[in-house]
Amino acid sequence: MISRENRRLRSPAFHAETTGPSLTLPTAEGTLEPYRLGSPKPRATSGPPTSRVAYAAAHVVADPLACNGPGAPATVDWDATLRFRRHLWSYGLRVADAMDTAQRNMGLDWAATRELIQRSAAEAKAYGDPTELIACGAGTDQAPDAGTLSEIVTAYTEQIETVRDAGAGVIIMASRQLARTAQGPEDYHAVYGELLSQVDRPVILHWLGEMFDPGLAGYWGSSDVDEATAHFLALIRDHASKVDGVKVSLLDADHEVRLRAALPDGVRLYTGDDLNYPELIASGSHALLGIFDAIAPAAAAALHALDNGDMAAYEEIFAPTVPLSRKIFETPTYHYKTGIVFLAWLAGHQDAFTMVNGAQSARSIVHLAEVFRLADTAGLLPDPGLAARRMRSLLAVHGVDG
């Protein structure tokens with residue numbers, strides 16, 4: 001163990017409300033630091049917001065007793081996974097399922113994805129209309145070797161039909177196979193045009209930036225973002241009646257505002273910017289965010305403040321969540337899921353800090369310690385005693401006597 005005697009201790013870092021348990025945390029400087037937790041900020045469950053449509057992109061809970069190591073087929077703890085979706089619905093948020101946050105293309109194989117879509121959509125029926133409560137990602141990851149536009153359309157169609165048959169809304173995800181195969185914007189238009197001609201209700205189109213998935217570089221037919229945006233807008237304008245909205249995950253607030261202004265009437269912009277979401281939602285974007293998985297109670301409260309025109313409360317609620325989100329989504333951004341699952345474990349939503357594909361090891365203990373501090377500062381650890389006990393157990397594995 002790395003004990004207090006073997007590491008230089010910093011001065012105590014105590015929360016402003018030093019009422020909770022204390023423990024010792026590592027710092028980025030290689031020291032140890034006493035830390036005392038503050039008080040959580042309870043938020044009442046609520047109905048859906050009225051001024052914005054808000055989706056939380058939800059994670060999956062891995063079965064901790066299964067072989068979920070790198071490259072192994074995903075084994076999901078379905079009870080805990082569905083319980084977490086009920087948690088999100090209880091705060092009035094919609095669920096975006098089988099998306100990047102659920103480790104699509106990073107461990108969640110198609111067999112598990114298909115079952116996730118079916119189970120989550122069935123669970124939504126207890127709360128209302130699944131098409132209003134849940135939308136699921138449809139991609140091409142079940143056909144990793146697809147190398148022609150026809151094969152890509154076939155793969156997309158299978159997944160779209162799976163989502164539609166389950167009763168959920170459809171989110172057409174960006175495709176690694178299309179990014180690899182397309183020769184230019186006309187190929188994207190051909191594939192998406194065929195898919196949009198098939199759907200029976202409007203869908204969400206997802207533009208996932210290469211910081212989330214390097215395999216999607218040059219999407220829409222250009223590595224220049226402005227040129228790619230022009231191609232994307234041309235596609236949307238040609239099929240506006242089939243597009244409910246677009247989710248943009250480029251982490252560029254100025255670009256999002258410009259794109260939002262250029263969209264046809266009736267097509268929503270769902271921000272996927274986990275770094276700048278308060279200002280973007282306030283200025284008119286709707287939301288489809290991975291960070292809402294971790295901050296659902298705060299997000300719901302902030303959105304209801306926005307509904308009531310109380311911008312001071314909106315900003316006050318969201319403000320402490322931004323440093324947390326920026327830490328979770330720091331580069332390499334695609335490992336943000338580790339922080340999302342870590343917080344779900346600390347908050348008691350699941351029994352183990354394990355992930356499919358062994359992804360719980362993707363972030364260092366120093367990174368996770370800072371996520372812990374920031375979540376506490378934001379009042380997002382509902383049971384500080386439980387959070388402290390679980391954090392101590394993780395610290396012990398890393399040789400820190402907390």
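Shown in residue order for the stretch 364-379 are the 3J(HN,Hα) couplings computed by the Karplus curve 6.51 cos²θ - 1.76 cosθ + 1.60 at θ = phi - 60°: 6, 5, 5, 4, 5, 5, 6, 4, 4, 4, 5, 5, 5, 4, 7, x Hz (x for Gly and Pro).
Ranked by the mean number of other Cβ atoms within 10 Å of their residues, highest first, the peptides 234-247, 269-282, 90-103 come out as 90-103, 269-282, 234-247. Phi-derived couplings, Karplus 6.51 cos²θ - 1.76 cosθ + 1.60 at θ = phi - 60°, listed residue by residue for the stretch 245-259: x, 10, 9, 10, 10, 10, 6, 9, 5, 5, 4, 4, 5, 5, 5 Hz, with x used for Gly and Pro.
Could you tell me whether the stretch 86-125 comes out rounded, prolate or oblate from its Cα gyration tensor? Rule is a ≥ b ≥ c as square roots of the eigenvalues, rounded for a/c under 1.5, then prolate if a/b exceeds b/c, otherwise oblate. Present the calculation step by step, with values, prior to reporting the outcome.
Values: a/c = 3.50, a/b = 1.62, b/c = 2.16.
Oblate, because a/c is 1.5 or more while a/b does not exceed b/c.
Carbon and sulfur together cover what percent of the accessible area of the stretch 247-402 at a 1.4 Å probe radius? That share works out to 50 percent.
Less than 5 angstrom separates the built amide H of ARG268 from those of GLY245, VAL246, all sequence-distant by 5 or more or on a different chain.
Starting from the exponent 0.38 and prefactor 2.2 Å, build the expected Rg for the chain from its residue count and divide its actual Cα Rg by it. Mind dumping the intermediate values first?
Details: Rg = 21.1 Å, N = 402, 2.2 N^0.38 = 21.5 Å.
Taking the Cα Rg and dividing by 2.2 N^0.38 Å, one obtains 0.98.
Taking the Kirkwood radius as Rh and the Cα radius of gyration as Rg, the stretch 277-402 has a ratio of Rg/Rh equal to 1.00. For VAL76, the residues 5 or more places off, or on other chains, whose built amide H falls under 5 Å of its own are ASP63.
In nm, what is the difference between 0.36 nm times the number of residues separating LYS125 and ALA66 and their Cα-Cα distance? Before the final figure, lay out each step's value.
Details: separation 59, 0.36 × 59 = 21.24 nm, distance 2.91 nm.
Fully extending the segment from LYS125 to ALA66 adds 18.3 nm.
Let me check I've understood the local charge: for ARG258, count other residues with C-beta under 12 angstrom from its C-beta, Lys and Arg +1, Asp and Glu -1. What total comes out?
-3
Test of the criteria: in the stretch 125-227, which trypsin sites (Lys or Arg not before Pro) are in a DSSP loop and have at most 13 other Cβ atoms within 10 angstrom of their Cβ?
Working: sites: LYS125, ARG164, ARG176, ARG180; in loops: LYS125.
Within the stretch 125-227, the qualifying trypsin sites (Lys or Arg not before Pro) (loop, at most 13 other Cβ atoms within 10 Å) are LYS125.
Summed over the residues of the stretch 314-360 and divided among them, the accessible surface reaches 32 Å² per residue at a probe radius of 1.4 Å.
How large is log10 of I(q)/I(0) for the stretch 234-332 at q = 0.10, 0.18, 0.22 Å⁻¹ when the intensity is taken from the Debye formula with one equal scatterer per alpha-carbon? Debye intensities relative to I(0), on a log10 scale: -0.28, -0.85, -1.13. The alpha-carbon atoms of the stretch 294-363, seen along their principal axes, cover 44, 27, 14 angstrom, with the largest extent given first. When each of the peptides 153-161, 309-317 is scored by how many other beta carbons lie within 10 Å of its residues on average, the order from highest to lowest is 153-161, 309-317. Amide H contacts of ILE134: VAL95, GLY169, each under 5 Å away and 5 or more positions distant or on a separate chain (H built 1.01 Å from N in the peptide plane; Pro and chain starts excluded). Divide the volume of the convex hull around the Cα atoms of the stretch 53-101 by the residue count and you get 67 Å³ per residue. The phi torsions of the stretch 311-326, fed into the Karplus equation with coefficients 6.51, -1.76 and 1.60 and a -60° offset, translate into couplings of 5, 5, 5, 4, 5, 5, 5, 6, 3, x, 7, 5, x, 4, 5, 5 Hz, rounded to whole numbers, with Gly and Pro shown as x.
Taking every protein chain into account, the accessible area of the stretch 120-163 amounts to 39 square angstrom per residue (probe 1.4 Å). Normalised by the number of residues in the stretch 98-158, the average gap of Cα pairs under 8 Å and 6 or more apart makes the relative contact order 31 percent. Partners of LYS327 within straight-line reach, counting lysines whose Cα lies under 22 Å from its Cα and excluding those fewer than 8 residues away in the same chain: LYS41, LYS247, LYS337.
Going by a ≥ b ≥ c, the root eigenvalues of the Cα gyration tensor, does the stretch 329-402 fall in the rounded group (a/c under 1.5), the prolate group (a/b larger than b/c) or the oblate group? All intermediate terms of the calculation are to be shown ahead of the outcome.
Values: a/c = 1.39, a/b = 1.24, b/c = 1.12.
In terms of gyration-tensor shape, rounded.
Listed by chain and number, the lysines whose C-alpha is less than 26 Å from the C-alpha of LYS242, apart from same-chain residues fewer than 8 away, are LYS125.
Along the Cα-to-C-beta direction of VAL225, a point sits 7 Å from the Cα; which residues of the stretch 267-290 have their amide N less than 13 Å from that point? In the stretch 267-290, the label zone of VAL225 (backbone N under 13 Å from the point 7 Å along Cα→Cβ) covers 272-276.
The values are calculated or read from the model by the stated rules, or taken from the named source; none is laboratory data. Just so you know, these numbers come straight off a predicted model, no measurement behind them. Positions of Cβ are backbone-derived with ideal geometry, glycine not excepted, and every protein chain shown enters the neighbour counts. Quick note on the areas: whole protein, heavy atoms, side chains included, nothing else; ligands and nucleic acids left out. Shrake-Rupley method; radii C 1.70, N 1.55, O 1.52, S 1.80 Å.
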